[in-house]
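So the structure is just underneath, and the comments pick up after that.
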Amino acid sequence: MTDVAGVTGGQAVAPDHRPPDRVVVVGASLAGVRTALGLRRNGFAGTITLVGAEPWLPYDRPPLSKQVLLGEWTPDRTRLASPEQLAEQGIEVRLGDPAEALDQPGRAVVLRSGARIDFDALVVATGAAPRPWPFPTPDTGVYDLRRLDDATAIRDAFDTAPRVVVVGAGFIGTELASAAARRGLPVTVVEPRPDPLAAQLGTLAGTALLDLHRRHGVRFHTGRAVRAVHGADRVTTVELDDGTLLDADLVVVGIGVLPNTGWLRGSSLELTDGVRCDGTGVTSTDPAVWAVGDVARWPVAGHVEPRRVEHWTSAVEQAGVVAYNLLRPPADRRVTAQTPYVWTDHYGLKVQLVGLAGPDDESTVLHRSPDGERFVAVRHAGGRVSAALAFGMPETLPKLRTAVRSGATLAEATALFG
Amino acid sequence: MSLRVAVDRAHCELHGQCVERVPSVFRFTDDGDLDHLTEADDDLADDLSDAQFLCPAQAIEVGPA
């Protein structure tokens, strides 16, 4: 067992490293299952317990707002590991029993059922949950989109030809609008910010993506907040802060997520907007506790403070790094500073984003397709590239990654497309 | 000895994670399509395994040639 008495004043005193015999991974989504499988890939022969709050075997979330909503994929196809594969890998899976508490001195996780699971090393992979809607809403017709059952419920509701109102024009909200519009449904998107998607993509690409949506018939109310969602039992109307009433049969709220750290309250872990980790994935205060995925705050290339990056590839990379490092003494561990990558699909067009721009970074187009519809742009500040995006041009990704990784100047990035 | 590399083109979504990880096997063509060698040296087993792991579409298959 690792001695935790050495944890004082928020500073970890590294104990002599002994490889763990028992690893518990809390969170059975992408980051969790990939960590568990990765430990076996790295030759770990001890016990692995994978704890999941949801009742389903690990599944992939990106298709939920894409292929599943469109009815192109059945839910089975989102599965990340089969029961046979998990059994063959010697991974014990406990589903539908969320972790309720961490007994840090006792080195155990306590589940809702009351079960205690002892560990030598713990991987926190509890993800994030939709930011709760701040007002009361009717019981029927208002959805989040995070879980498998959310996606199938919305997909099924699409079949009843609803008038759709989306609250929040982030990636989830706009992907949902894309899916609904492709199903031929009338869609209205409400977003308090005047420039939706600008925070993620910059004003230039954000505007281009909104224009694409408008061409497919989606209406936007930007710079407008929702004042109330009306309906006695079923939703009927959405009222905006300028008094506008939008008729609605189906409302989907996509206003961001919060990390699932409630069960860790009272531990020594630093929990402000996610579990703080160093570039090896170990938490800042406990050498036996690691964190991966949407719940974790890791260093990001080009940024001083560690931060949560809610991307598929970040979860996978972090899982790979932790599965490697957890079995090794500190001197042999890999350190990463991730370069974030995310994609989003709209009407068959893929927008891919590399890096992490500041909110005020400028946008410059480097290259356009002959028809002008597709383009490559970089975000930059002080003459240096912070992020780059491909708007329907996946073949440009290797160049864009090079530009972002190297912290290229705007001139150097421009030359890549000369 | 060598390895057989296949990409399920019905699943590939052109994320380019494989191009990034193993540029000696995977590349983008000028018109934006993915191209790859169908056989690779055994030395690349770990890199190819990483590429499989990182592929968001889970479209890469690697096996004995």
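Summary of values
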{"item": "Three-way shape call for segment A:142-255 based on the alpha-carbon gyration tensor, with the a/c threshold at 1.5", "result": "oblate"}
{"item": "Length gained when the stretch A:ARG219-A:ASP103 is fully extended (0.36 nm per residue, less Cα-Cα span)", "result": "36.8 nm"}
{"item": "Where labels lie 7 Å past Cα in the beta-carbon direction, separation of A:HIS367 and A:HIS230 in nm", "result": "5.2 nm"}
{"item": "Helix A:148-158 axis, angle to chain A major axis (alpha carbon atoms, nearest 10°)", "result": "20 degrees"}
{"item": "0 to 90° range, to nearest 10: angle between helix A:171-182 axis and chain A longest Cα axis", "result": "50 degrees"}
{"item": "Kirkwood hydrodynamic radius of segment A:215-349, Cα pairs, Å", "result": "18.1 Å"}
{"item": "Relative contact order of segment A:348-416, pairs being alpha-carbon contacts under 8 Å that are 6 or more residues apart, as %", "result": "32 percent"}
{"item": "Translational diffusion of chain A, µm² s⁻¹ [Kirkwood Rh, Cα pairs; Stokes-Einstein; 4 °C; 1.567 mPa s]", "result": "57 µm²/s"}
{"item": "Helix-only mean residue ellipticity at 222 nm for the protein assembly as shown, each DSSP H run of n ≥ 4 adding -39500 (n - 2.57), per residue, nearest 500", "result": "-6500 deg cm²/dmol"}
{"item": "Angle in degrees between helix B:45-54 and the longest Cα principal axis of chain B, rounded to the nearest 10", "result": "30 degrees"}
{"item": "Percent of Cα pairs exceeding the 28 Å cut-off, where the set is segment A:79-232", "result": "42 percent"}
{"item": "Phi-based couplings in Hz for segment A:121-126 (Karplus 6.51, -1.76, 1.60; Gly and Pro marked x)", "result": "9, 10, 10, 8, 9, 7"}
{"item": "Segment A:7-160 - percent relative contact order, Cα under 8 Å, separation 6 or more", "result": "29 percent"}
{"item": "Stretch gain in nm, segment A:ALA381-A:THR140, where the contour uses 0.36 nm per residue and the Cα spacing is subtracted", "result": "82.2 nm"}
{"item": "Residues whose placed amide H lies under 5 Å from that of A:ARG297, excluding near-sequence neighbours", "result": "A:VAL275, A:ARG276, A:CYS277"}
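Any read-out appearing in this document is the output of simple, stated calculations on the displayed coordinates, not a laboratory observation. Just so it is clear, the model here is predicted, and its values are computed rather than measured. Cβ coordinates were reconstructed from backbone atoms using ideal geometry, including for glycine residues, and neighbour counts include every protein chain displayed.
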